[in-house]
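Q: Here it is: the structure, laid out below.
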Amino acid sequence: LPGRGKAGAGLAEESRTGAGAEAPSPSVYLSKRGNSIRQHQGTLQEGFVQYAANKYHVTDNPEGIINLGTSENKLCYDLLHARLTRPDMLYVEPSLLQYSDWTGRTFLREEVAKFLTHYCGSPKTLNADNVVVMNGCGSLFSCVAAVICDPKDAILIPTPFYGVITDDVDLYSDVKLFHVHLDCEVTIKDYRAFHLTVEKLEEGLTKAKQEVAVILMNPHNPLAEIYTPEEMIAFLEFAKRNDLHAIVDELYMLTVFDESVTFHSVLSLDSLPDPLRTHVMWGLSKDFAMSGIRAGTLYTENRELVEALAQLGCFHGIPGTVQHQVAQLLQDRAWIDNEFLPENRRRLKAAHSFLTGELRSMGIPFLDRPAALFVWADLREYLQESSFQEELNLWRCFLRHNVLLSCGQAFSCSTPGWFRIVFADQHLHLGGLSQHLYLLFILCKLYLFSV
């Protein structure tokens, strides 16, 4: 077919040139650990660095990189701007400019407890003393790992999973993750792709050593899977049987945009199987489209854990004025229920329908889940062979043509060829992107047929 040579050459060139600059040589000014941290960069970080230097803008930089790789909600800036510029947000008093409790200011922890009690459907009023607030859930993952694990200990985690958690628990604390690989194929036993079961957790635990905890994500990143209360109880009972801490990531709990589907927080349970080893994370980055605010929360009934985290809080605090703004936002139930959540869900549903419609028209399989900000898509057809190097080549091909996606190896997926595509972007971007993606897929197919 005409053009095969160019298509093949394009992808081959991607393979030769690599994903970007080579790792810097060791510095005599840094320790071994410092050099290791400096040299570390996965595809998620690398892709974002390239995007940050060449961001798409409809008028200022129309040839820039379109970012469908970073899980951010860019659909609701108008709603947030209107709320965050109200007079109650513009407030300063002396105490907000002074040191405070490093688990978060009392007024904020009280509002978080009320918020979680209501939106998690807790049967009892949650206690503000059990709340820890830090500058993002990445900091919480890092600090929790530091205080429940020793160096070289491991935390059990099903794969695929949000890959930056690896850095969160490792860079400071030298804590490792032990992967429980989920199968992408549907079988008689596994009635849905990437199906997590207690049996798979048990199998992973048998193979692992020095396991201290298990990380559970609901809704899941990158699968967008929503686990039922029965499934979550079974996972928590598994953790209890094996004396494991259960770190439950519920960052997308309000980002469910199908009215027929209900998310159930573990905090809605009448009782937790092991309350002193169950720790629930939530933040504003996803559900409130405010990743730049850097506000993450942890709820745990373990007082010793809270006290240990308080010792690390001075490294991960949030400015007093920002804590005031977050508290004002969380207590504004009328704005949340009547303005933000309904409109946010409507826009997310429309964007999700648009992207999944385009994927269907191109014959690309994907997991169809009504939650989170992304779709987990199967691009194995576009790999020359089933290898992670070929997956990386395809990722580089997209990036070279100014489309940033996230490839499966960034999430430790056991099967090459799966990609996470974020849909929570403006329709103008997505509308211009559909033809762009289609041409890139054609380019990749021509390459495959020319080999």
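Q: Can you flag which of Lys55/Lys286; Lys176/Lys240; Lys114/Lys207; Lys55/Lys152; Lys152/Lys286; Lys124/Lys240 are past 29 Å Cα-Cα?
A: Listed pairs above 29 Å: Lys114/Lys207; Lys55/Lys152; Lys152/Lys286.
Q: Also, quick follow-up: From the list [x] 89, 58, 17; [y] 42, 27, 22; [z] 35, 26, 23, can you say which value of semi-axes √(5λ) of the Cα gyration tensor in Å was derived from the structure given?
A: Structure-derived value, by its label: [z].
Q: Another question about this same structure. Please give the contour-minus-distance gain from Glu385 to Ala234: 0.36 nm per residue of separation, less the Cα-Cα distance, rounded to one decimal in nm.
A: Length gained between Glu385 and Ala234: 50.6 nm.
Q: While we're looking at this one, here's another question. Using a 1.4 angstrom probe on heavy atoms only, work out the carbon and sulfur share of the accessible area of the chain in %.
A: 53 percent
Q: Let me ask something additional. Along Cα→Cβ, 7 Å out, is where each label goes; now give me the distance between the ones at Val261 and Ser353 in nm to one decimal.
A: For Val261 paired with Ser353, the spin-label model returns 1.5 nm.
Q: Just want to confirm a number: the relative contact order over the chain, from Cα pairs under 8 angstrom separated by 6+ residues, in percent.
A: 24 percent
Q: Using alpha-carbon pairs under 8 Å, 6+ residues apart, how would you state the relative contact order of the stretch 172-328 in percent?
A: That works out to 16 percent.
Q: Something else about it: Just in the stretch 63-161: which GluC sites (Glu not before Pro) are loop by DSSP and have at most 10 other Cβ atoms within 10 Å?
A: Glu63
Q: Report, in debye and to the nearest 20, how large the dipole of the chain comes out about its Cα centre when Lys and Arg carry +1 and Asp and Glu carry -1 on their Cβ.
A: With only Lys, Arg, Asp and Glu charged at Cβ, the dipole is about 900 debye.
Q: Could I ask something else about it? According to the square roots a ≥ b ≥ c of the eigenvalues of the Cα gyration tensor, what is the shape class of the stretch 178-243, taking rounded for a/c under 1.5, prolate for a/b larger than b/c otherwise, and oblate for the remainder?
A: Prolate, because a/c is 1.5 or more and a/b exceeds b/c.
Q: Within 11 Å, Cβ to Cβ, of Gln50, how many net charges do the neighbouring residues add up to if Lys/Arg are +1 and Asp/Glu are -1?
A: +2
Q: So what is the accessible area of the stretch 214-362 per residue, in Å², with the probe set to 1.4 Å?
A: 36 Å²
Q: Further, regarding this structure: Hey, got the dipole for the stretch 79-206? About the Cα centre, +1 on K and R Cβ, -1 on D and E Cβ, debye to the nearest 20?
A: Approximately 520 debye in magnitude.
The values are calculated or read from the model by the stated rules, or taken from the named source; none is laboratory data. The structure presented is a predicted model; accordingly, all values stated were derived computationally and were not measured. Glycine gets a Cβ as well: all are built from the backbone with ideal geometry, and neighbour counts include every protein chain shown. The protein model used for the area step is the full one, side chains on, heavy atoms only, and it has no ligands, DNA or RNA in it. Shrake-Rupley method; radii C 1.70, N 1.55, O 1.52, S 1.80 Å.
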